[in-house]
Amino acid sequence: MDNEKNPNPGELLRHLPPVEAVLQSGTATALLPETGPTHLTELARRAIERLRAEILKGQAENLTRADLLKKAEGQLEHLWRRERKKSLRRVINATGVIIHTNLGRAPLSESARQALVDRAAGYCSLEYDLETGQRGRRGGRAENLLAELTGAGDALIVNNCAAAAILVLTALGRGGEAIVSRGELVEIGGDFRVPDVMEQSGAVLREVGTTNRTKIRDYEQAITPETRLLVKVHPSNYRIVGFTATPTVAELAELAHRRDVLFYEDAGSGALFDLSDYGLRDEPLIGRSVAEGADVITFSGDKLLGGAQAGLIVGRSEVIGRLRAHPLYRALRASKLIYAVLETTLEEFRRGTHLENIPVLKMLAMTSAELARRTGEFADRLREKLPENSDLQFEVIDGSSVIGGGSAPLVQPPTHLLSIRHRRLPVNELEKNLRLADPPVAARILDDRLLLDLRTVAESEETLIIYHLSLII
Ligand SMILES: *Cc1c(COP(=O)(O)O)cnc(C)c1O
C-alpha cells in the first residue's frame with residue numbers, strides 16, 4: 001500500500017509525513033546540532049506545510065509516502081540554508097566605495113582583528129589596573145592615545161558619532177541655547193539630522209546666517225545669557241559652492257571664549273593627519289581644531305579613521321570630565337571590543353604605519369598606476385581561466401572610486417575598472433550571480449555593464465572573484 005502511486009490530492013495529503021517522521025530522517029539528524037531541537041521542529045512543520053501547499057496546487061502527483069518524506073527533507077534543508085544566508089556574512093567589496101555604509105564602513109586592520117581575538121574576546125583588563133590591582137579607567141589607553149595624537153587635554157569614546165553629539169549637546173547645552181549656522185543644518189546618512197539631534201538633547205537650536213553665507217558677526221549677535229554653545233557641524237556629504245562664507249574654527253573659538261560660552265565642532269569623519277595629498281582638502285583636521293581652540297570635537301571611529309563604529313570625543317580636560325560624569329555616558333559608552341580595535345588602530349597612526357596597515361587609508365592612497373597594474377593582471381588571469389568560447393566579455397576602462405560614508409562627496413580618486421558584459425545574460429543577472437556567490441561579491445552596475453573596482457578588494461580576494469566569474473558560463 002505504501003508504495004502505491006497516488007494521483008488524488010486528497011489521498012496524497014493523508015500520506016504527508018508526520019512531524020515526528022521528518023525529525024527522525026537522516027537530514028534532520030544531521031541538522032540538529034546546528035539548529036537545536038526546538039527550531040528543528042519548527043522547520044519540520046514549515047517543510048510539511050510547504051509540501052501540503054504544493055499538493056493542493058497539484059504540483060506533487062504520483063508520489064509515494066517515501067517520496068513525500070524525501071521531499072519534506074529537501075524542504076527542511078532548503079529552509080535552513082535560506083535562513084543561514086541571512087546571517088551576517090563576509091562580503092567582497094568590488095564597488096570601489098571605500099567607506100561603504102551598507103557593507104559595514106571601514107574594514108579592520110590586521111592588528112585590530114588580532115587584538116579583538118587575543119586581547120578583548122575573553123576576560124581582559126577593561127576596568128582593572130594590573131599595576132595597582134585597583135579598578136582602572138575604562139578605555140584608558142585608547143583615550144590616552146586619542147588625546148596624544150590630537151593634542152587634546154582628554155578624550156572619551158562612545159558608541160558612534162551620533163551618540164557623541166547627543167552626549168555633548170545634552171551635557172553642555174540642555175536648558176540653554178546652541179547656535180548653529182543655517183548652512184550646517186544638514187542630514188547625514190539618512191537618519192542623523194542636526195535639528196532633530198538638537199531637539200533630542202534639550203538644547204534650543206538658534207539658527208543664524210543663511211544657507212550659503214554665515215559670518216562671525218551673525219553668531220556674535222545671537223549670543224544671549226541663554227547661550228551655552230557655539231556649534232560648527234561639518235556638512236560631510238554635502239557641499240555649497242560659489243558665493244559662500246563660514247567663520248574659521250579659530251574665529252569661533254575666540255568669540256566663544258570672549259563671551260564665556262563653549263565651542264563644539266562636529267567634525268564628522270575627521271582626519272588625524274593631512275589627507276590633501278589624496279585629494280581630501282576639506283575634511284577637518286582634528287589636531288588643528290584642538291590647536292585653534294575648539295573646546296570639544298566629535299568624530300567617527302569607522303570613517304576616515306579606519307577603526308570600528310565609535311564616537312570619538314576630544315577636548316579640554318574639564319569639558320571631557322563633565323561628559324564622563326554625565327549619566328547619559330553610562331548608556332552610550334563603548335564595549336571592550338571597540339577599545340581593542342581603536343587602541344591598535346591608533347597605535348598604527350602613532351607608529352606612522354597607518355598608510356600601509358589601515359585598509360581605508362591604504363585604499364585611499366592607492367595610486368592609479370598601481371590599480372592599472374592590478375586590474376591588468378586580474379584581466380589576464382581571468383582570460384586564462386575562462387574557456388575559449390566563454391560568453392563573458394571584459395575590458396579594462398578608466399573610472400573613479402568613491403570615498404563614501406558621507407565623506408568628501410566631491411573627491412573621486414581615479415581608478416581602473418574591469419567592465420564586464422555577458423553575451424546572453426542581462427547585467428542584473430550577472431550582478432546577482434556574484435552577489436549570491438560564497439563569499440558574496442558586491443559590484444557596480446553602469447548601463448549594461450558590470451564594473452569591478454579593485455581599489456576596495458584585498459589582493460588575497462582576487463582569486464575568489466576570478467573563480468566566481470569563471471563559473472558563469
Ligand atoms: C557621519 C557623521 C555623523 C554620524 O556619525 P556616526 O558615527 O555614523 O554616528 C555625525 N556628524 C557628522 C558631521 C558626520 O559626518
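Quick look at the numbers
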| quantity | calculated |
| --- | --- |
| Mean Cβ neighbour count within 10 Å, used as a protection proxy, ranking 427-440, 279-292, 336-349 highest first | 336-349, 279-292, 427-440 |
| Residue-span extension gain [Asn144 to Leu471] - 0.36 nm each, minus C-alpha spacing | 112.7 nm |
| Selected from Tyr329, Leu410, Leu371, residue furthest toward positive end of dipole (region 302-429; charges at beta carbon) | Tyr329 |
| Long-range amide H partners of Ile445 with built H, under 5 Å | Leu451 |
| Region 396-473 and region 97-119: distance between their alpha carbon centers, rounded to Å | 21 Å |
| Computed [θ] at 222 nm, deg cm²/dmol, the chain (DSSP H ≥ 4; -39,500 (n - 2.57); rounded to nearest 500) | -12500 deg cm²/dmol |
| Reduced Cα scattering model of region 230-350, Debye log10 I(q)/I(0), q = 0.11 Å⁻¹ | -0.42 |
| Residue-span extension gain [Ser276 to Ile397] - 0.36 nm each, minus C-alpha spacing | 41.0 nm |
| Mean Cα-pair separation over length for the chain, i.e. relative contact order, pairs under 8 Å, 6 or more apart, % | 18 percent |
| Point-to-point label distance, Arg424-Glu370, nm (Cα→Cβ direction, 7 Å offset) | 4.1 nm |
| Inter-label distance for Glu83 and Arg193, nm, one decimal - labels placed 7 Å from Cα along Cα-to-Cβ | 3.8 nm |
| Size descriptor, Kirkwood hydrodynamic radius, that averages inverse alpha-carbon separations across the chain, Å | 26.1 Å |
| Region 125-270: antiparallel DSSP beta bridges as a percent of all, rounded to 5 | 15 percent |
| Selected from Gly36, Ile48, Gly306, residue furthest toward positive end of dipole (the chain; charges at beta carbon) | Ile48 |
| Spin-label model distance (nm) - Arg213 vs Leu130, 7 Å beyond Cα toward Cβ | 6.0 nm |
| Segments 100-111, 256-267 sorted - mean Cβ within 10 Å per residue, highest first | 256-267, 100-111 |
| Cα-centred dipole magnitude for the chain, charges only on beta-carbon of K, R (+1) and D, E (-1), debye, nearest 20 | 780 debye |
| Sparse-neighbour loop sites [chymotrypsin sites (Phe, Trp or Tyr not before Pro); region 118-223; at most 14 other C-beta within 10 Å; DSSP] | Tyr123 |
| Model label zone, Thr244; criterion: amide N under 17 Å from point 7 Å along Cα-to-beta-carbon; scope region 278-315 | 279-285 |
| Segment Glu459-Leu56, extension gain: residue separation times 0.36 nm, minus the distance between their alpha carbons | 139.9 nm |
| Among 358-371, 384-397, 203-216, the order from most to least packed when residues are scored by Cβ within 10 Å on average | 358-371, 203-216, 384-397 |
| Ellipsoid equivalent to region 110-169 - semi-axes via the Cα gyration tensor, in Å | 22, 16, 13 |
| Mean Cα-pair separation over length for region 1-160, i.e. relative contact order, pairs under 8 Å, 6 or more apart, % | 19 percent |
| Principal axes of region 1-153: Cα extent on each, largest first, Å | 83, 43, 20 |
| Modelled FRET efficiency - R0 51 Å, Arg14 with Glu251, Cβ distances, 0.05 increments | 0.05 |
| Cα point-scatterer Debye curve for region 293-367, base-10 log of I(q)/I(0) at q = 0.12 Å⁻¹ | -0.41 |
| Isotropically averaged projected area of region 355-472, using the convex hull of Cα atoms (one quarter of hull area), nm² | 7.6 nm² |
| Values of log10 I(q)/I(0), in the order q = 0.12 Å⁻¹, for region 26-99 under a Debye, Cα-only, solvent-free model | -0.45 |
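Bear in mind these aren't lab numbers, they're just calculated from the coordinates by the rules spelled out. These figures come from a predicted structure and were not determined experimentally. Glycine also receives a Cβ, built like all others from the backbone with ideal geometry; neighbour counts cover every protein chain displayed.
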